[in-house]
1. What three numbers, in Å, describe the spread of the alpha carbons of region 106-243 along their principal axes, ordered from the longest?
2. Please list, ordered by chain and number, the residues whose modelled amide H lies under 5 Å from the amide H of C268; skip anything fewer than 5 residues away on the same chain.
3. Pop out the Kirkwood hydrodynamic radius of region 1-93 from its pairwise C-alpha distances, inverse of mean 1/r, in Å to one decimal.
4. What translational D, rounded to a whole number of µm²/s, comes out for region 236-341 from Stokes-Einstein when the hydrodynamic radius is the Kirkwood one over Cα pairs, at 25 °C and 0.890 mPa s?
5. Which residue fluctuates most in the GNM of the chain (Cα springs below 10 Å): E101, E174, E141?
6. In percent, how large is the relative contact order of region 138-258, given Cα pairs closer than 8 Å and 6 or more residues apart?
7. Could you estimate the translational diffusion coefficient of region 25-163 from the Stokes-Einstein equation, with Rh from the Kirkwood formula over C-alpha pairs, at 25 °C and 0.890 mPa s, in whole µm²/s?
8. In sequence order, what are the phi-derived ³J(HN,Hα) couplings for region 349-355 according to the Karplus relation 6.51 cos²θ - 1.76 cosθ + 1.60 with θ = phi - 60°, rounded to whole Hz, with x for glycine and proline?
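The values are calculated or read from the model by the stated rules, or taken from the named source; none is laboratory data. Owing to the predicted nature of the structure, the values given are computational and were not obtained by experimental measurement. Using ideal geometry, Cβ is built from the backbone for each residue, glycine included, and neighbour counts are taken over all protein chains shown. Heavy atoms of the whole protein, side chains included, go into the accessibility calculation; ligands, DNA and RNA do not. Shrake-Rupley method; radii C 1.70, N 1.55, O 1.52, S 1.80 Å.
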Amino acid sequence: MTIALRASLLDFTADPSHSAGAVRWVDDGLLAMDRGRIVARGDHASLRPTLAADVPVQDLRGRIVTPGFIDAHLHLPQIDVIASPAPGLLQWLERYTFPAEAAFADPAVCAEAARFFLDELALQGTTSACVFGTVHAQSVEALFAQAQARDLRLVAGKCLMDVHAPDNLRDTAEGGVQASADLAARWHGRGRLAYAVTPRFAGTSSRRQLELAGELARAQPQLYIQSHVAENVDEVRWIAELFPEARSYLDVYDRYGLLRSRAVYAHCIHLDAADRARMGESGAVAAICPTSNLFLGSGLFDFAAALDAGMPLALGTDVGGGQSFSMFSAMRSAHEIARLRGQSVSSLQLWHWATRGAAQALGWGGAVGTLEPGAEADLIVVDPAATPLMARRCTPLLRRESIEELLFALLVLGDDRAVHETYVAGRPAKSAAQHRLENA
Ligand SMILES: [Zn+2]
């Protein structure tokens, strides 16, 4: 059944760093959805008469319909350690993260966590994500089962970690990669799900495991790859000791064939020019995680150098290293990091990375991250007057159609309250999540 939303419409038709006319705004717009897809979009006055008279139109004037957010990096099991104090990454892993992850040996824990996790994404307006499970196959099994029931576009993988982790969180080189291949065979391509070969990071995989992970990724180029790289200076030093044969931390992955398009590397802070050039030419995506980088004090991402090198970029929350599931927060922290580096990133650029840019980088161009007819109806309704302060600041900008300033005010002042509704495949996902959480 067709339903339509009457609101302002905002999306991008190009990358704003290359094209001045990249942002598309319809002040009094109408967007129609049917069977999970966008079927029409345009100006209300001209589009309404072309739709059947009995198509229900939700009047959302004063609000903005825009593509849902894409979170390019976060961890399912870390919902229980978000907001934990630690002096740095490696201590944080040992003290909080590893113990929390051990609980995921129990499938019931995995199922409950997966439900909560996906509900939280819906509350925040995130319609797609690249997710790390734990070392346990059942964590990803539970996540995919829940995601499929909700018809989500989601990438996930079980962590490969056969060394330098507690005994109860280690797989083996062969066993871990075999379990990954089994999960991929069962889930990749089912609905909108995709499997990612997921070495946690170079420090927790043996050479043999990286070699086998690379073989799997080479044999099945449709699969994604995800890992972490160059997050923190102590970590970078440690990886250099573990892999003296590699030119750099990134080169460890490159040597095992793990650098290609559909590969997503979180952080990418402490890279050099050769690394960045290699990312650019390989098509591997940098998932910038600004909230996490500030929270853990890991370092400041170099936006200018990454753009110069042509690195495909997306934003991630890195929950629980990041202290928020909100992509508003991720965009705000990205702005702050750019400022601390003496750089400047426009609100259009930030918003693009959180939506269409991520979709393009992940190979989903045209499918999501756009309001174009034919695209999957993954979108959000943003309320620029969600709080009295937001109303005071944003309403005049909306009236003037100052889009760049409006997006900036939204990303600075906004949080989940500004997400009026989240639509996943054309169905309201935020109200459904609120209903489930209230009745849990
Ligand atoms: Zn992470």
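1. 44, 31, 27
2. Amide H neighbours of C268, under 5 Å, 5+ apart: V229.
3. 16.4 Å
4. The Stokes-Einstein estimate is 174 µm²/s.
5. E174
6. Answer for region 138-258 is 25 percent.
7. Result for D is 138 µm²/s.
8. Once rounded to whole Hz, the list reads 4, 4, 5, 5, 4, 7, 9.
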